[in-house]
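Step one of this worksheet: look at the structure below.
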């Protein structure tokens with residue numbers, strides 16, 4: 001599995017986390033218990049720190065990067081969809097970032113909020129609790145997120161990661 005230190009920057013991965021063998025983790029990246037990092041995802045803490053909480057899925061092809069001034073922090077019970085790009089932002093607990101979306105420097109996606117698939121959340125944008133950010137650039141729709149869907153999706157990926165830790169084998 002491609003997990004790399006870069007100088008003094010070394011990943012910290014909880015033993016109950018699942019990092020797929022085809023994901024890449026470099027530098028100061030911290031991954032919490034029962035979180036999952038799926039094939040083709042890249043978490044790169046070369047300039048700054050990347051933190052992933054517990055029970056969070058970082059799905060296939062996602063890029064998570066940080067710069068020295070702005071760490072990228074993803075809370076617990078989050079769902080980060082396929083091919084998303086997170087850069088120097090904060091994703092609070094229980095949020096969902098949809099497939100193919102981008103969340104940039106100093107943006108915050110609060111608890112229970114959703115960034116719709118393909119949306120671009122620009123620098124310093126605030127997506128309030130329970131809101132939906134949609135479009136390019138993203139506009140915010142208050143109260144339009146589906147918190148129950150986020151919770152169920154996060155639980156689904158915790159179970160799937162457990163299955164992969166136990167059953168995945170290379171042929």
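Within the range 107-138, count every residue that is closer than 21 Å to residue 48 by Cα, within 15 Å of the chain's Cα centre (by Cα) and in a loop (DSSP other than H, G, I, E, B).
The total comes to 1.
Please determine whether any residue of the range 80-89 is crowded, with 17+ Cβ neighbours inside 10 Å and within 19 Å of residue 13 (Cβ to Cβ).
yes
Inspect all residues belonging to the range 153-163 and state whether any of them is in a loop (DSSP other than H, G, I, E, B), modelled with pLDDT of 95 or more, crowded, with 18+ Cβ neighbours inside 10 Å and in contact with a strand residue (DSSP E or B) (Cβ under 9 Å, 6 or more places away or on another chain).
no
Restricting attention to the range 109-150, which residues are free of Cβ contacts under 8 Å to residues at least 12 places away in the same chain and out of contact with any strand residue (DSSP E or B) (no Cβ under 9 Å at 6 or more places or on another chain)?
Listed by number, the list holds a single entry, 148.
Would you be able to say whether some residue in the range 95-108 is out of contact with any strand residue (DSSP E or B) (no Cβ under 6 Å at 6 or more places or on another chain), closer than 24 Å to residue 146 by Cα, surrounded by 19 or more Cβ atoms within 10 Å (Cβ to Cβ) and in contact (Cβ under 8 Å) with a residue 12 or more places away in the chain?
No, because not a single residue in the range 95-108 is out of contact with any strand residue (DSSP E or B) (no Cβ under 6 Å at 6 or more places or on another chain), closer than 24 Å to residue 146 by Cα, surrounded by 19 or more Cβ atoms within 10 Å (Cβ to Cβ) and in contact (Cβ under 8 Å) with a residue 12 or more places away in the chain.
The values are calculated or read from the model by the stated rules, or taken from the named source; none is laboratory data. Quick caveat: nothing in here was measured; it's all calculated off a predicted structure. Note that each Cβ is placed from the backbone with ideal geometry, even for glycine, and that neighbours are counted across all protein chains shown.
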